[in-house]
Structures are given as C-alpha cells and as structure tokens.
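Let me begin by presenting the structure, written as structure tokens, before commenting on it.
The values are calculated or read from the model by the stated rules, or taken from the named source; none is laboratory data. No experiment lies behind these values; they were computed from the predicted model shown. Cβ sites come from the backbone with ideal geometry, for glycine too, and all protein chains shown count toward neighbours. The area values use the complete protein model at the heavy-atom level, side chains included, leaving out ligands, DNA and RNA. Shrake-Rupley method; radii C 1.70, N 1.55, O 1.52, S 1.80 Å.
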Amino acid sequence: MSNLAFLSLIFTIFISTSNAISQCNGLCKTLNDCDGQLICINEKCSDDPDVGTNICKNNPLSVPSPTNTCRPSGTVSCNGIHPIYRCSPPVTSSTPAQLTLNDFSSGRDGGGASSCDNRYHDNSERLVALSTGWFAGGSRCDKMIRIRADNGRTVTAKVVDECDSTGGCDEEHAYQGPCKNNIVDGSIAVWRALGLDTDLGVVPITWSMV
C-alpha cells in the first residue's frame, strides 16, 4: 500500500471515529452525533446557544462526563427542527437547569391538565413541570424540589407536571415545540418568590430534591 493510500485510510478512520465520539469541537453531521447538551453547529459539536451551556467554552478540549450519556433520540419539525429527548442530565445536589415560565391554569399556554393529577392549578401555588427525563415517568409527582437562582434566592416548589421533551406541536402541548431536556417549568409564583423578571422568559438556575 502506498503512503498516500495509507494516510487516506488513517484519515477516513479518524473522521469516522470523531463522529462516533461526541465531544466539544468533535466532528458531527447530525444532533445524534453530539453527547449531552451539545449540538451540531457547522459540523462541530458545540454549546447550545438556546440552552446557554458553557461546556466547551469553559473547557474546550474536555470530553463530557461519562455519567451524562443523554443524547437526542431524534428530531421533530415544528417551527423549525428541534431535538427530542427521553432522558435528562443526572440529578445532583445542585443540578444545572433552565427555568421557564408556565401557566398551570385551564385554557392557557400550559396546554392540557397536569400529568400528576389530571387537574389544572392556581398559579399562586409554587408549582413546576420537569423535563421528561427528570419527571421520570411520574416518580417525582407531588414531591418538592429546591430551586436556587443566580441572585442567591431559593424556593421550594411541587412537581405536578411533565415538560414533554419527546413531542409537541399539538393541542395537548398548546402547539408548542418539545421541551429541552434541562427544563424546570415554573409557575409565576416560583418566579416571584425568586425575585426574577418574568419578561426574561428563561433564566439559569440549579435545583435539587428536598
């Protein structure tokens, strides 16, 4: 085998391996090629600007933790292409997440009744919906979580619903796209208790089980 052919073979193997090993700045073709919360941008696994991750920014040469093996299970087309997830990052004593605003009352943007009790709720209650992986098939229903905002304030809230990461774009989901896999979807009472501006729509927080 000539040197040129040998180098070509090595390069081909390298490209294939890079696609299979999802990491910061690793080569990719689809969302499924990138691990954890990384997405494929310009054929490189990168931080998701919509989620606000800083995995690659903070450590551009690092490989995502092997404990976080959550990958998209596909995509759905709804006002653009969105990844769908059946998993979420591991829950710890300080789990990074994005807090979004949800309306748990009837006929509003929260869609159908809450998954835990098939009821609607008053938004004066401190309530949350969790991404599919964190919702864990309803095993966290009616349990309390503690949420900490970047301003140092904390609040406890009750899990009453799932923020569906596996589907959307229908009446049940108020014709919204699927949730990302790191969402804590809180009532306005949660936002007010944390002293947050609801006009922001999405803010970084950490959470844990109480």
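Laid out as a table, the results:
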quantity: Pair S93, R192: separation of 7 Å Cα→Cβ label points (nm); calculated: 3.3
quantity: Sulfur and carbon atoms: percent of accessible area, region 90-141 [1.4 Å]; calculated: 42
quantity: Net length gained if the chain between S106 and C78 were fully extended (0.36 nm per residue, minus Cα distance); calculated: 7.7 nm
quantity: Residue-by-residue Karplus 3J(HN,Hα) for region 85-96, coefficients 6.51, -1.76, 1.60, Hz, glycine and proline x; calculated: 10, 10, 9, 9, x, x, 7, 10, 6, 8, 7, x
quantity: Positive-end residue, region 130-210 charge dipole about Cα centroid, Cβ charges, pick of S187, G201, I147; calculated: I147
quantity: Per residue value of the accessible surface for region 78-210 (all protein chains in place, 1.4 Å probe), Å²; calculated: 47
quantity: Test item: Cα-centred dipole of region 68-129, Lys/Arg +1 and Asp/Glu -1 on Cβ, debye; calculated: 280
quantity: Hz values of 3J(HN,Hα) by residue in region 151-165 - Karplus curve (6.51, -1.76, 1.60), Gly and Pro given as x; calculated: 7, x, 6, 10, 8, 9, 8, 9, 7, 10, 7, 9, 8, 5, 8
